[in-house]
Number of protein chains: 2
Amino acid sequence: MEPVSFENVLIRRGFWEQRIRAVQQTTTWACIDECERTHRVDNFRRAGGMQPGGFEGIYFNDSDVYKVLEGVAYVLTQRRDPALEAKADEIIDAICSAQQKDGYLYTYFILNTPEHRWTDMNLHEAYCLGHMIEGAIAYARATGKRKWLDAATRALDQMMRVNGPEGQHWVTGHEELELALVKLYRYTGEEKYIDYARWLVEERGHGHLKVPLSPEIDPSNPAYCQDDLPVRELTRVTGHAVRAMYYYSGVTDLASILHEEGYAAAMDRVWGNVVPANLYLTGGIGQSASNEGFTRDWSLPNLTAYCETCAAIGMAFWNHRMNLLHGMRKYADLVELEMYNGILAGISLEGDRFFYVNPLASVGAHHRQKWFGCSCCPTNLIRFIPSIGGYMACTDGDALVINQFIDSEAEIAVGEKRVRLCTTTDYPWDGNVRFTFEGFEGDLPVRLRCPGWCTEHSLTLNGRAVVDYAEGYYAVTVRAGDALRFEMAMPIRRVKADPRVREDAGRVAVMRGPVVYCAEAVDDPGLPDEYFHAELALDRDAPLREEWEPGLLGGVVTISGGGVRLVPYYAWDNREAGAMCVWMKEA
Amino acid sequence: MEPVSFENVLIRRGFWEQRIRAVQQTTTWACIDECERTHRVDNFRRAGGMQPGGFEGIYFNDSDVYKVLEGVAYVLTQRRDPALEAKADEIIDAICSAQQKDGYLYTYFILNTPEHRWTDMNLHEAYCLGHMIEGAIAYARATGKRKWLDAATRALDQMMRVNGPEGQHWVTGHEELELALVKLYRYTGEEKYIDYARWLVEERGHGHLKVPLSPEIDPSNPAYCQDDLPVRELTRVTGHAVRAMYYYSGVTDLASILHEEGYAAAMDRVWGNVVPANLYLTGGIGQSASNEGFTRDWSLPNLTAYCETCAAIGMAFWNHRMNLLHGMRKYADLVELEMYNGILAGISLEGDRFFYVNPLASVGAHHRQKWFGCSCCPTNLIRFIPSIGGYMACTDGDALVINQFIDSEAEIAVGEKRVRLCTTTDYPWDGNVRFTFEGFEGDLPVRLRCPGWCTEHSLTLNGRAVVDYAEGYYAVTVRAGDALRFEMAMPIRRVKADPRVREDAGRVAVMRGPVVYCAEAVDDPGLPDEYFHAELALDRDAPLREEWEPGLLGGVVTISGGGVRLVPYYAWDNREAGAMCVWMKEA
């Protein structure tokens, strides 16, 4: 199946409009200010001779600038903003000024030790290049301006001359370039980018990864960088969670495009290991801070859960691609889980503060921050949230597949047709969704995902029941002017963990629709913060009631009863500091 | 009362010899290596023109070098070590090379912006000067070498010319110089140092503290630096715990020396606020990480307890001085509590790893580290532990007062007498202590502290019971050749917290003698780490038994029964990583 690009989906009201507005009005400028304050942009100016001075900050800081610009591109698609676009153009000029004559563009080595270019696979040159390519494509799609994309492809050409089948071995220490190359292929149609992505994937697992300058990486543990096995031999998830997710995203893309059965089979095996043995209820992945990644199957501590925001975003990237590959609901279910929980918790309702780490319980000391030394998470949120429209639908030949329920107006090329799809919904608070179709002639086959959490649902076409339902999808044929009404019952659900998870034994969590709930000490006073997660108890038999509270936390449905009051997990830590837990004792 | 200086007490066997040996063999060299690796020593070499380069690190890094040398001085008193002394001499040469013509010696400003000397009261010039004076006195006492002390007094003279009654106002943003000036007075007899210490104390609380260059300090909250009230008006503890303790130590010294009733009364009021409303069972103080200090009375969370190691050391400093001022047992009880718990937990048994933060519960993520960016705690432990002999006894006119039970040989000037006091004990594991007295003529009045934790005790002089006991002290007169035998019953004690501490409600902790015990998950498996501190339960009625385990944790008495196995709190996190708690549920 083919994805629908973000710029074809306009989000004008509802749950996601509220989030995108916060990103546009607050997050973009806050992140730009931080990139300026911390000299991330200055590094380009200095490398380009526009300003005196040396490199400042962490070696991969270029990527944050690229990611912020990518987010700006998505925002500009949703809403014109000349001031924001002018600032982006100025930063892009600085980036391009830093490009060397041969195309090379990575300020850490340009400013520090040019002689060390392409000598240390773990110093993130290829990672930053991938982000530059993603950002430049987004900016070209959003604005039509190609200056940055031209620079990015020249930088890529330089890399391909040095590292490749004719050059030296190269294993991307932090994966990212692979999926960016697929995007570049999709945008340009040039197959050399796919060939190179495949070469990069095939480089892994043969002991080529050398890290002479980065002693913090243990070279005896290649699994940290997913370099322990060749791609076709993968059976389980290992190492750094974000690296793993970006890698799998690229491999899954290639499996789709190249019809590589060995890749697809490997991804299926790894997916079956991640889900559910290494997945938190919220969609969080990567249990441990020590490797920012995976540990042991079924070891899922809540209080010390690392669950980096970027890893949840990576999980959405990967599952989006697994869904394109296989067209199965379970992958879109995970994208949805990340959208409303694991990812969204990473950003404050105002859009100005961020979590890097997303535990499922807190004793009160975990709070959002404005920025981080390694600030990958804010700069990933800024690009994920305004590109949410890209996850709504995809196409399968002449059929349209609707996966997510986002109030929006989309214009989608389905085969030869250009379909105007208007979606109206108060999802995730309400299970009713209305779709109308315009702008094309003839029959349009539509498949509509019914989420895995939903057990009672119905679909009507212009008021008549649709009965063709199998394996999580309704199938229906529509014509211009038709309206679909999808109704999902959205009862409060008490959920239990797999008994192999010791930390959740005897405990219960609450969900409604795709939204995971949590208890915050500010709503449930009485226990000291340090015992809140251990002792807060939900009465086993008490009825739970829901309430729409428009004035609370930007408007949420709360759940009360059985001795507790619960709010959506994504909205926690937006009031007073305090303890929090998702899994409650069952009393 | 007058203190007995560290160099008069030699510790040759027993509990403290083991700790001092680890400091000598491991900690000193480890800290010297870190000071070299992090360019803390190089900053002096650079300021002195011995090496090219600018200032590196945190502005107050000079103090760590001073503190390490102070520790080295104490170690050299206990045991000669020519290699260590040669290295110390080399570092002292580097320090002295950095001294400016006018005496100024603080590398941060010398190397960065000499024009900003003495303009920002929070950039720790006076704090570092205090540590230099303390270190230089210790080195002179230990080795007889005065080069460094001469440099330190010249640096102090420079400061006194600029800041003082004839110069500008100066509030020490981080106190420390006050108590150092008292030490310098005691060593030199020069009253100008006492006058200056008093001037510094009197400067506080009048709004003079200006912090133009240090935006991280909130100038609207002078209580952070104890600058909210003049000294005589103090009623409660505020702000940064280490600053507070160093300040109170200096004020208490002055109260003793100057007989300043206003100072003494203020210290009594503040002490009554710290103890017990802001004191953990372990002696830890300073509940919060956000101000590294105090919060609200009776708010004593265990898991997030900050309890900086330096604050516990500061608490020992202050209570040692309160004991000199008032001669009351309760102060020496607190010194003892810190010695065996709050302070000692800060260093690993090997002497190579440190805690900056000392919570009373952990979910498994809190571990000792080799060094810290701000590494005040390792460099405070290195000077506290080998100077422990200085806390054993003091003199009160012609009487000797014995406060702590340390296996040692001491030579103490008591009035005109030179008393050789030999102490033999396996304290804190065993409550029997034998004292013998030699080397003097006539009668020596002795007062012996009986610890507050002890309810059943006896003292014999050459086998005959001593019955003169009042307010925690035995009084007895000895002659040369006499032997005292002190016997303290040391039963296992179950202790409860004040009911105003919510976190400890329904909970119990275990002590034996002065030692606080804790449970570690490695000994009590079965609970997930994140619930260990909340759910570990001690049976209310079960008998508890003690066992001397020479092979465990360097030799400890363990306590078992009622479903748990306990080890001394100071020895935790010396085996596998895992959860820990002091307060257990009472079941």
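The values are calculated or read from the model by the stated rules, or taken from the named source; none is laboratory data. All values reported here derive from a predicted model rather than from experimental measurement. Cβ coordinates were reconstructed from backbone atoms using ideal geometry, including for glycine residues, and neighbour counts include every protein chain displayed. To get the accessible areas, we keep the full protein, side chains included, count just its heavy atoms, and leave off ligands, DNA and RNA. Shrake-Rupley method; radii C 1.70, N 1.55, O 1.52, S 1.80 Å.
In the range B:498-511, which residues are among the aliphatic types (A, V, I, L, M) and either within 14 Å of chain A (Cβ to nearest Cβ) or assigned to a loop (DSSP other than H, G, I, E, B) (or both)?
Once the filter is applied, which keeps residues that are among the aliphatic types (A, V, I, L, M) and either within 14 Å of chain A (Cβ to nearest Cβ) or assigned to a loop (DSSP other than H, G, I, E, B) (or both), the range B:498-511 yields B:501, B:505.
Could you please let me know if residue B:495 is within 14 Å of chain A (Cβ to nearest Cβ), under 30 Å from the mean Cα position of the chain (by Cα), aliphatic (A, V, I, L, M) and closer than 20 Å to residue B:585 by Cβ?
Considered against the rule, which asks whether it is within 14 Å of chain A (Cβ to nearest Cβ), under 30 Å from the mean Cα position of the chain (by Cα), aliphatic (A, V, I, L, M) and closer than 20 Å to residue B:585 by Cβ, residue B:495 comes out as no.
Which members of the range B:460-497 meet the condition of being part of a loop (DSSP other than H, G, I, E, B), within 28 Å of residue B:516 (Cα to Cα) and not acidic (Asp, Glu)?
B:472, B:489, B:490, B:491, B:496, B:497
Look at residue B:474 and say whether it is open to solvent by less than 30 Å² (accessible area, probe 1.4 Å) and either within 14 Å of chain A (Cβ to nearest Cβ) or farther than 19 Å from residue B:580 by Cβ (or both).
Yes; evaluated as a whole, the condition is true for this residue.
Those residues that are crowded, with 18+ Cβ neighbours inside 10 Å and assigned to a loop (DSSP other than H, G, I, E, B), I need them from the range B:413-449; list them, please.
Answer for the range B:413-449, where residues must be crowded, with 18+ Cβ neighbours inside 10 Å and assigned to a loop (DSSP other than H, G, I, E, B): B:427, B:428, B:429, B:431, B:440.
Do you know which of the residues in the range A:293-319 that are aromatic (Phe, Trp, Tyr) and more than 14 Å from every other protein chain (Cβ to nearest Cβ) is surrounded by the fewest Cβ atoms within 10 Å (Cβ to Cβ)?
Checking each candidate, the answer is A:317.
Evaluate the following for residue A:382: is it more than 14 Å from every other protein chain (Cβ to nearest Cβ), in contact with a Leu (Cβ under 8 Å, 6 or more places away or on another chain), open to solvent by less than 10 Å² (accessible area, probe 1.4 Å) and under 30 Å from residue A:252 (Cα atoms)? Give the derivation first.
On the way: more than 14 Å from every other protein chain (Cβ to nearest Cβ): yes; in contact with a Leu (Cβ under 8 Å, 6 or more places away or on another chain): no; open to solvent by less than 10 Å² (accessible area, probe 1.4 Å): yes; under 30 Å from residue A:252 (Cα atoms): yes.
Criteria not met by residue A:382.
Please specify each residue of the range A:99-134 satisfying the condition of being over 21 Å from residue A:45 (Cα atoms) and open to solvent by 40 Å² or more (accessible area, probe 1.4 Å).
Within the range A:99-134, A:119 is the sole residue that qualifies.
Residues checked against (1) outside any helix (DSSP H, G or I); (2) not β-branched (Val, Ile, Thr):
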residue: B:270; (1), (2): no, no
residue: B:279; (1), (2): yes, yes
residue: B:282; (1), (2): yes, no
residue: B:296; (1), (2): yes, yes
residue: B:310; (1), (2): no, yes
residue: B:316; (1), (2): no, yes
residue: B:319; (1), (2): no, yes
residue: B:330; (1), (2): no, yes
residue: B:345; (1), (2): no, yes
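Kindly provide the set of residues from the range A:512-562 that are aromatic (Phe, Trp, Tyr) and within 14 Å of chain B (Cβ to nearest Cβ), ordered by number.
A:531, A:532
For the range B:222-259, name all the residues that are free of Cβ contacts under 8 Å to residues at least 24 places away in the same chain and under 14 Å from residue B:200 (Cβ atoms). Walk me through it before giving the result.
Step one: of the range B:222-259, the residues free of Cβ contacts under 8 Å to residues at least 24 places away in the same chain are B:222-223, B:228, B:259.
The answer is none; no residue qualifies.
Can you tell me which residue among B:543, B:568 is in contact with a helix residue (DSSP H, G or I) (Cβ under 9 Å, 6 or more places away or on another chain) and farther than 17 Å from residue B:585 by Cβ?
B:568
A quick yes/no check of all residues on (1) of a type in the set (Phe, Trp, Tyr); (2) open to solvent by less than 10 Å² (accessible area, probe 1.4 Å); (3) within 30 Å of residue B:328 (Cα to Cα); (4) under 20 Å from the mean Cα position of the chain (by Cα):
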position: B:3; (1), (2), (3), (4): no, no, yes, yes
position: B:31; (1), (2), (3), (4): no, yes, no, yes
position: B:40; (1), (2), (3), (4): no, yes, no, no
position: B:43; (1), (2), (3), (4): no, yes, no, no
position: B:47; (1), (2), (3), (4): no, no, no, no
position: B:61; (1), (2), (3), (4): no, yes, no, yes
position: B:77; (1), (2), (3), (4): no, no, yes, yes
position: B:86; (1), (2), (3), (4): no, no, no, no
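Hey, residue B:462 hits all of (1) within 14 Å of chain A (Cβ to nearest Cβ); (2) more than 30 Å from the chain's Cα centre (by Cα) but one; which does it fall short on?
For residue B:462, the exception is condition (1).
Where in the range A:22-129 are the helices (runs of 4 or more DSSP H), entirely inside, with at least 1 residues that are among the aromatic types (Phe, Trp, Tyr)? Quick ask: steps written out before the conclusion?
Numbers: elements: A:28-37, A:40-47, A:62-78, A:82-97, A:107-111.
Per the criteria, A:28-37, A:40-47, A:62-78, A:107-111.
Can you name the residue in the range B:352-366 that is farther than 18 Å from residue B:286 by Cβ and in contact with a Lys or Arg (Cβ under 8 Å, 6 or more places away or on another chain) and, of all such residues, is least open to solvent (accessible area, probe 1.4 Å)?
Checking each candidate, the answer is B:352.
I need the full set of residues from the range A:358-375 which are closer than 16 Å to residue A:302 by Cα, assigned to a strand (DSSP E or B) and more than 10 Å from every other protein chain (Cβ to nearest Cβ), in order please.
Answer for the range A:358-375, where residues must be closer than 16 Å to residue A:302 by Cα, assigned to a strand (DSSP E or B) and more than 10 Å from every other protein chain (Cβ to nearest Cβ): just A:362.
Does residue A:332 count as in contact (Cβ under 8 Å) with a residue 60 or more places away in the chain, surrounded by 23 or more Cβ atoms within 10 Å (Cβ to Cβ) and of a type in the set (Gly, Ala, Ser)? Explain how you work it out, then say what you get.
On the way: in contact (Cβ under 8 Å) with a residue 60 or more places away in the chain: yes; surrounded by 23 or more Cβ atoms within 10 Å (Cβ to Cβ): yes; of a type in the set (Gly, Ala, Ser): yes.
So residue A:332 fits the description; yes.
Got a sec? Which of A:223, A:266, A:244, A:255 is open to solvent by less than 30 Å² (accessible area, probe 1.4 Å), in a helix (DSSP H, G or I) and at pLDDT below 95?
Of A:223, A:266, A:244, A:255, the one residue that is open to solvent by less than 30 Å² (accessible area, probe 1.4 Å), in a helix (DSSP H, G or I) and at pLDDT below 95 is A:223.
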